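Participant: I am attaching a structure below and will ask some questions about it afterwards.
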Amino acid sequence: MEKRFEKYRGIHPGVILARELKQRDLAQRPFALSVGLAPQSFNQIIKGKRSLPLPAALKIDRELGLEEGTLALLQTHHEIEKERKKLLKEHRPNMQLLRKSLFWDTDIESIDWERQARPVILRVFERGNISEKKEILRFYGFEKTRQVVKDKGNARLSAKWNKAG
C-alpha cells in the first residue's frame, strides 16, 4: 500500500477514490467506463454504499498509477473496522438496565465498553442506582470493578461499592 494512503485505514475506499478523482480532475462516469464498471455501481462504491471488488480495485490502481493492491488493502481495512465495531456493539452491558442520562455527555451507542471501562465503572458507581451498579459488576466482573473503584481512592465511592457488592 502506498504510504500516503496509510492514514486512511478503516475508511471506505470509495471516499478516498472520490477524493483522488477530484484532485486529478477526472469525471466519474468516463473513469468508471474506462475500468469496466457500470457508472451506477461505481457511484455506489464512491458513496460507500457498496464494497470495492478486488478485480475493480486492481484495475483502478493500475489506471491511477497507484501501487498494486492499495485500494484492495483499504477495502480490507474498512471491512476489519466494520467488523470490529460490530463486535464492540455485541459485547456490551444490558442497555435496558442503564439509563442513557448516566452518559449525558456522550453517545451511549459509541462507547467502547472495553477501552473505556474505567470511566464507565467510575461514572456508574458515582451516579448510578443499585441495579446499574449490579449490571456493571456482572459485565466487568467483581475483581475488575473492585480494582477500579478502590484505585480511585475515594472513600465515598468505596462506601457505594460496599452497598452494591
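Participant: Using Cα positions and a limit of under 16 Å, work out the aspartates and glutamates in reach of K3, with same-chain residues fewer than 8 apart set aside.
Facilitator: Cα-Cα hits under 16 Å: E20, D61, E67, E68.
Participant: Moving on to the next point. How high is the relative contact order of the chain, given as a whole-number percent (alpha carbon pairs under 8 Å, six or more residues apart)? Spell out each step's value before the answer.
Facilitator: Values: 139 pairs, mean separation 31.8, N = 165.
Rounded, it is 19 percent for the chain.
Participant: Diagonalise the Cα gyration tensor of region 50-159 and give the resulting equivalent ellipsoid semi-axes, square root of 5 times each eigenvalue, largest first, whole Å. If you can, show how the numbers build up before the last one.
Facilitator: Working: eigenvalues 379, 37, 24 Å².
They are 44, 14, 11 Å, listed largest first.
Participant: How charged is the neighbourhood of S131? Take every other residue with its Cβ under 11 Å from the Cβ of S131, and add Lys/Arg as +1 and Asp/Glu as -1.
Facilitator: Details: positive: R99, K133, K134, R138; negative: E132, E135.
Net charge in that neighbourhood comes out at +2.
Participant: Please compute the per residue accessible area over the chain with all protein chains in place, 1.4 Å probe, rounded to a whole number of Å².
Facilitator: Details: 9960 Å² over 165 residues.
Solvent-accessible surface per residue comes out at 60 Å².
Participant: Something else about it: Considering only Cα-Cα distances, which of the following residue pairs are longer than 28 Å: K59/K86; K7/K144; K7/K47; K86/K150?
Facilitator: As for pairs spanning more than 28 Å Cα to Cα, those are K59/K86; K7/K144; K86/K150.
Participant: Mind checking the dipole of the chain: about its Cα centre, +1 per Lys or Arg Cβ, -1 per Asp or Glu Cβ, Debye to the nearest 20?
Facilitator: Working: 35 positive and 22 negative charges, 182 e Å.
Using Cβ point charges on Lys, Arg, Asp and Glu, the chain gives about 880 debye.
Participant: Helix 142-152: angle to the longest alpha-carbon principal axis of the chain, degrees 0 to 90, nearest 10?
Facilitator: 80
Participant: Right, something else. Give me the percent of accessible area attributable to carbon and sulfur for the chain, probe 1.4 angstrom. Please list the in-between numbers first.
Facilitator: On the way: 5060 of 9960 Å².
Here it works out to 51 percent.
Participant: Let me have the relative contact order for region 1-75, percent, based on Cα pairs under 8 Å that are six or more residues apart. Walk me through the numbers before you get to the answer.
Facilitator: Values: 76 pairs, mean separation 30.6, N = 75.
So the answer I get is 41 percent.
The values are calculated or read from the model by the stated rules, or taken from the named source; none is laboratory data. This structure is a prediction, so every number in the text was calculated from the model and none was measured. Cβ coordinates were reconstructed from backbone atoms using ideal geometry, including for glycine residues, and neighbour counts include every protein chain displayed. These area figures cover heavy atoms from the full protein model, side chains too; ligands, DNA and RNA do not enter into them. Shrake-Rupley method; radii C 1.70, N 1.55, O 1.52, S 1.80 Å.
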